[in-house]
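A.B. asks: Sharing a structure here in structure tokens format.
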Amino acid sequence: MVDNLILTIYKSIPKEANVSRVEYEGPVVAIYVKNPSALSDNFSEVVRKIAKEVKKRVVIKADPSIRKSEKETTEIIKNLVPPEAELVDVKFDEVMGEVIVKAKKPGLVIGKSGTLQQKIFFETSWRPVIVREPPIHSRMLDSIMSHIVNENDYRMRILRDFGERIHRDVIFKDRYVRITGLGGFQEVGRSAVLVETPESKILLDVGLNPSVSFGERMYPRLEIDQLNLEDLDAVVVTHAHLDHSGMIPYLFKYGYEGPVYATAPTRDIMALMQLDALDVASREGRPLPYTAKEVRKELLHTILLNYEEVTDIAPDIRLTFYNAGHIIGSAMAHLHIGEGVHNLVYTGDFKFARTRLLDRAVNMFPRVDTVIMETTYGAQNQPGREESEANLIKFINDTINKNGKVLIPVLAVGRAQEIMLILNNAMKTKQLPEVPIYVSGLLDEVTAIHNAYPEMLSREVRELILYKDENPFTSDFFKRIEGYREDIAQGEPSIILATSGMLNGGASVEFFKTMAPDTRNMIIFVSYQAEGTLGRKVRDGAKDIQLVDRDGRIENINIQMEVKSVEGFSGHSDKRQLEKFLETMSPTPKRVILNHGEPSAISSFYGELRRRHVRFDVYTPSILESIRAL
Ligand SMILES: [Zn+2]
């Protein structure tokens, strides 16, 4: 560690605190003290002051020698935490010096402005990490937490390595920023962007293309010369959809040893989606190029960031996440490069409008020079949310009145929960008759993870869950099922939500096959249907479809069911929202790079920006083209 950093810390912390050592733990500087109670009067202030002095994130931990025993600590916590908090579990991470306190009402463990949380620290000398026990139990969350605690030695070791690398001295005087699209440029899917400076290399998203099941178009171009996995400093993942995260484990298989930065819901859902993708791929006889072992490694290498938390990720790069409004935990990545010589915003997928589930994406940043922006709906406006909801409800009513069943193929993450909120509200207010809403497969686990992080949901939903004890996701209208069920596909009127959203595999295809020949039934598409998917063909009016089943037999499906598409629920911004996002962005960028769109959407949006005489340069690169941004 740099001597003058340690010196600054010694100078800014009260002597009585008795610092025993200072250590990098990933991007954070951990200060171990032998007498934490010397800081009890103005703890937050001291931490803030040191962070400001050293310009780094700082945590203060107690020296291991003074920590109370686990038994004693558990007793103290049980006495301090009010019963209304509904304490569930207390676990210890000895290596990190942390006590993980799980409660149903974590806010009450934290206390007003963190006072109770601090009190636990001063009385036990363990650093409390407060976790929510969601009302729907999540197996995934449990296994992630115990995996990380079980491997805490390994994790501490890599965090120290990350720290040394992040905080190393800057070597080069010459400055440049080069941006290269490795996937998701002039197309949708396999998103990956390489950002290079003289000091560091960063990957923004590493996705796969879920609408292609084999061949080189499935993966981003990770084989290029500039990308040597040992030289890669960090992977930043904007959200959990597989077209943004699905190839991260592959990096670990081929030699990457560095950190992955993500929000907490992104980490959890991304691992869940990857494990599910491995499962589906091996069942369908087209294995992915990695295994569950690499997913577990990815979990250990992931560093969680909150929105608007500025963090060093390389000697010349600071990362800040901002809410992207796309799915839970989705983030825009803001890179502050070389003490501010360049500022880059990579939007990932974003929604510049409020939805039932999430608040609107942010478009105010401290500084912006270059924006890399998704353009999925660059050519298309969508109807307003209210109109779309009314249409959806009308279509469902029509079908149920005819004694039919409604199939809604949904993406497991995002649209599914949005549609659940709409249906729950419509049934509660009697706009829909009470028929069962079947929620199949992965959706349940994903919904449980939503319940673990209500603070990341829209204000309305957050308030329902946190303060009104009226959790819309656990409402009685929903019936959970494992996967496809013949009796439901053939049964009484109902609404079925099933993955995948584009009918490329999963329970939705099984339900579709059984339900398609019946004129009373209806399929309603509520999300983007990529070119080449079965969903796109059905939506575009195909009447006869051949499907190859698992045994290689060809099945002919005659589509008699009604086919509808309701557009307004997308987690992406439509054309108008994309324009507004740029027009009202503060500050105005100098350069906008359009990605994540089919060529027609990108060229149409490019033309629109030209017609409007926007004040920034617009670029529409293809894969493997580089742009020098500085
Ligand atoms: Zn997405």
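A.B. asks: Taking the condition open to solvent by 10 Å² or more (accessible area, probe 1.4 Å) and within 16 Å of the ligand (Cβ to nearest atom), does Asn306 pass?
C.D. replies: Considered against the rule, which asks whether it is open to solvent by 10 Å² or more (accessible area, probe 1.4 Å) and within 16 Å of the ligand (Cβ to nearest atom), Asn306 comes out as no.
A.B. asks: So for the range 244-255 (the condition being within 14 Å of the ligand (Cβ to nearest atom) and touching a Pro at 6+ places or on another chain (Cβ under 9 Å)), does at least one residue qualify?
C.D. replies: Checked the range 244-255: at least one residue is within 14 Å of the ligand (Cβ to nearest atom) and touching a Pro at 6+ places or on another chain (Cβ under 9 Å).
A.B. asks: Please go through the range 451-483 and pick out each residue that is open to solvent by less than 60 Å² (accessible area, probe 1.4 Å) and not in a helix (DSSP H, G or I).
C.D. replies: Hits for the range 451-483 are Tyr453, Leu457, Ser458, Asn471, Ser475, Phe477, Phe478, Ile481, Gly483.
A.B. asks: Okay, moving on. Of the residues in the range 321-354, how many are open to solvent by 10 Å² or more (accessible area, probe 1.4 Å) and β-branched (Val, Ile, Thr)?
C.D. replies: Of the residues in the range 321-354, 1 are open to solvent by 10 Å² or more (accessible area, probe 1.4 Å) and β-branched (Val, Ile, Thr).
A.B. asks: Is it true that Ala234 is assigned by TED's automatic domain parsing to the domain that holds Ile313, among the small types (Gly, Ala, Ser), more than 15 Å from the ligand (Cβ to nearest atom) and touching a residue at least 24 places away in the same chain (Cβ under 8 Å)?
C.D. replies: Considered against the rule, which asks whether it is assigned by TED's automatic domain parsing to the domain that holds Ile313, among the small types (Gly, Ala, Ser), more than 15 Å from the ligand (Cβ to nearest atom) and touching a residue at least 24 places away in the same chain (Cβ under 8 Å), Ala234 comes out as yes.
A.B. asks: In the set Leu423, Leu442, Leu466, Leu457, which member is modelled with pLDDT under 95, hydrophobic (A, V, I, L, M, F, W, C) and touching a Leu at 6+ places or on another chain (Cβ under 8 Å)?
C.D. replies: Only one candidate qualifies: Leu442.
A.B. asks: How many residues are within 20 Å of Thr519 (Cβ to Cβ) and open to solvent by less than 50 Å² (accessible area, probe 1.4 Å) when one looks only at the range 548-562?
C.D. replies: Count: 3.
A.B. asks: Right, here's the next one. Select, from Glu579, Glu555, Glu486, Glu510, the only residue that is touching a helix residue (DSSP H, G or I) at 6+ places or on another chain (Cβ under 8 Å) and within 21 Å of Ile327 (Cα to Cα).
C.D. replies: Testing whether each residue is touching a helix residue (DSSP H, G or I) at 6+ places or on another chain (Cβ under 8 Å) and within 21 Å of Ile327 (Cα to Cα) leaves just Glu579.
A.B. asks: Within the range 249-268, which residues are touching a Ser or Thr at 6+ places or on another chain (Cβ under 9 Å), open to solvent by less than 10 Å² (accessible area, probe 1.4 Å) and not in a strand (DSSP E or B)?
C.D. replies: Answer for the range 249-268, where residues must be touching a Ser or Thr at 6+ places or on another chain (Cβ under 9 Å), open to solvent by less than 10 Å² (accessible area, probe 1.4 Å) and not in a strand (DSSP E or B): Pro249, Pro259, Thr263, Pro265, Thr266, Asp268.
A.B. asks: Out of the residues in the range 551-581 meeting the condition of being over 25 Å from Asp243 (Cβ atoms) and among the acidic types (Asp, Glu), tell me which one is nearest to the ligand (Cβ to nearest atom).
C.D. replies: Glu562
A.B. asks: Just name the residue that is farthest from Asp518 (Cα to Cα) out of those in the range 389-413 that are part of a loop (DSSP other than H, G, I, E, B) and open to solvent by less than 20 Å² (accessible area, probe 1.4 Å).
C.D. replies: Per the stated criteria, the residue is Val413.
A.B. asks: Identify the residue in the range 317-356 that is hydrophobic (A, V, I, L, M, F, W, C) and outside any strand (DSSP E or B) and, among all such residues, is nearest to the ligand (Cβ to nearest atom).
C.D. replies: Per the criteria, the residue is Ile327.
A.B. asks: Consider Val362 against the criteria (1) of a type in the set (A, V, I, L, M, F, W, C); (2) open to solvent by less than 20 Å² (accessible area, probe 1.4 Å); (3) more than 14 Å from the ligand (Cβ to nearest atom): it satisfies all of them except one. Which criterion is unmet?
C.D. replies: Single failed check for Val362: (2).
A.B. asks: Say whether the condition of being within 14 Å of the ligand (Cβ to nearest atom), in contact with an Asp or Glu (Cβ under 7 Å, 6 or more places away or on another chain), within 30 Å of Ile449 (Cα to Cα) and open to solvent by less than 30 Å² (accessible area, probe 1.4 Å) is met by at least one residue in the range 210-231.
C.D. replies: The answer is no; no qualifying residue exists.
A.B. asks: Another question, if that's okay. Working carefully through the options Ile13, Ile60, Ile6, find the one that is of a type in the set (A, V, I, L, M, F, W, C), closer than 26 Å to Gly258 by Cα, at pLDDT 90 or above and not assigned by TED's automatic domain parsing to the domain that holds Gly338.
C.D. replies: Among Ile13, Ile60, Ile6, only Ile60 is of a type in the set (A, V, I, L, M, F, W, C), closer than 26 Å to Gly258 by Cα, at pLDDT 90 or above and not assigned by TED's automatic domain parsing to the domain that holds Gly338.
A.B. asks: So, in the range 187-209, of the ones that are of a type in the set (D, E, K, R) and in a strand (DSSP E or B), which residue ends up surrounded by the fewest Cβ atoms within 10 Å (Cβ to Cβ)?
C.D. replies: Glu196
A.B. asks: May I ask you to list the residues in the range 24-55 that are surrounded by fewer than 16 Cβ atoms within 10 Å (Cβ to Cβ), in contact (Cβ under 8 Å) with a residue 60 or more places away in the chain and not in a helix (DSSP H, G or I)?
C.D. replies: Listed by number, the list holds a single entry, Ser40.
A.B. asks: What number goes with the only condition from (1) within 16 Å of the ligand (Cβ to nearest atom); (2) within 21 Å of the chain's Cα centre (by Cα) that Gly378 does not pass?
C.D. replies: (2)
A.B. asks: Determine which single condition Arg612 fails, assuming it passes every other condition in (1) loosely packed, with under 12 Cβ neighbours inside 10 Å; (2) in contact with a helix residue (DSSP H, G or I) (Cβ under 7 Å, 6 or more places away or on another chain).
C.D. replies: Unmet for Arg612, out of (1) loosely packed, with under 12 Cβ neighbours inside 10 Å; (2) in contact with a helix residue (DSSP H, G or I) (Cβ under 7 Å, 6 or more places away or on another chain): (2).
A.B. asks: Suppose the filter is over 30 Å from the mean Cα position of the chain (by Cα) and over 30 Å from Lys293 (Cβ atoms); does Ile66 pass it?
C.D. replies: yes
A.B. asks: Among the residues of the range 198-246 satisfying the criterion of being among the hydroxyl-bearing types (Ser, Thr, Tyr) and modelled with pLDDT of 90 or more, which is nearest to Arg165 (Cα to Cα)?
C.D. replies: Ser200
A.B. asks: In the range 414-435, which residues are open to solvent by less than 40 Å² (accessible area, probe 1.4 Å), in contact (Cβ under 8 Å) with a residue 40 or more places away in the chain and either on the phi > 0 side of the Ramachandran plot or within 30 Å of the chain's Cα centre (by Cα) (or both)?
C.D. replies: Residues satisfying the conditions are Gly414, Arg415, Ala416, Gln417, Glu418, Ile419, Met420, Leu421, Ile422, Leu423, Asn424, Met427.
The values are calculated or read from the model by the stated rules, or taken from the named source; none is laboratory data. What you see is a predicted model, and the numbers here were worked out from it, not measured in a lab. Please note: Cβ atoms are built from the backbone with ideal geometry, for glycine as well, and neighbour counts cover all protein chains shown. For accessibility, only protein heavy atoms count, side chains too; no ligands or nucleic acids. Shrake-Rupley method; radii C 1.70, N 1.55, O 1.52, S 1.80 Å.
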